[in-house]
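Presented below is the structure to which this report refers.
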Amino acid sequence: AEYMGVKNLLEFCVMEQIDDIVKKISSRQGVTGVLCEDAQGLGLAVSGVASAHTAGIATNMIRHAQKLGATNPSIRIESEHGDILIQSHADVTLSIHRTLSVA
């Protein structure tokens, strides 16, 4: 077996945790997609209808909200088909795509 450096091992463990989190969120009822971005807006994980091509947009929106004075902002974008929730914590931004619940 090839030796993995400590940094590589830590990065691998973090990515495994991110993948697990994205899978858990994606399995929730009504969730149609999840995009996870790092502090630079690079896509770390994606599932469902979320697109890796949009990586960076949510992180940028969070930064703009912070410039407006919001601390720990939560952004919700609504449409006729559902919504997208955007939140950031510890240099990781999550965009969660959801469908409208039919009651």
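Structural remarks
- Number of the condition not met by R76 [criteria: (1) outside any strand (DSSP E or B); (2) open to solvent by 70 Å² or more (accessible area, probe 1.4 Å)]: (1)
- Every condition in (1) within 11 Å of the chain's Cα centre (by Cα); (2) within 18 Å of T99 (Cβ to Cβ) holds for E37 except the one numbered (2).
- Within the range 46-71, residues that are without any contact (Cβ under 8 Å) to a residue 40 or more places away in the chain and part of a loop (DSSP other than H, G, I, E, B) sit with their Cβ atoms under 8 Å from residues that are surrounded by fewer than 14 Cβ atoms within 10 Å (Cβ to Cβ) and among the aliphatic types (A, V, I, L, M), at 6+ positions apart or across chains, in these pairs: A55/L42; G56/L42.
- Criterion applied to A52, A45 was being under 9 Å from the mean Cα position of the chain (by Cα) and at pLDDT 90 or above, and the one residue passing it is A45.
- The number of residues in the range 18-37 being of a type in the set (S, T, N, Q) and assigned to a strand (DSSP E or B) comes to 1.
- Checking S88 against (1) modelled with pLDDT under 95; (2) open to solvent by less than 30 Å² (accessible area, probe 1.4 Å), the condition it does not meet: (2)
The values are calculated or read from the model by the stated rules, or taken from the named source; none is laboratory data. Keep in mind the model is a prediction, meaning the values are calculated, not measured. So basically every Cβ, Gly included, is an ideal-geometry build from the backbone, and we count neighbours across all protein chains shown. What goes into the accessible areas is simple: the full protein's heavy atoms, side chains included, and nothing from ligands, DNA or RNA. Shrake-Rupley method; radii C 1.70, N 1.55, O 1.52, S 1.80 Å.
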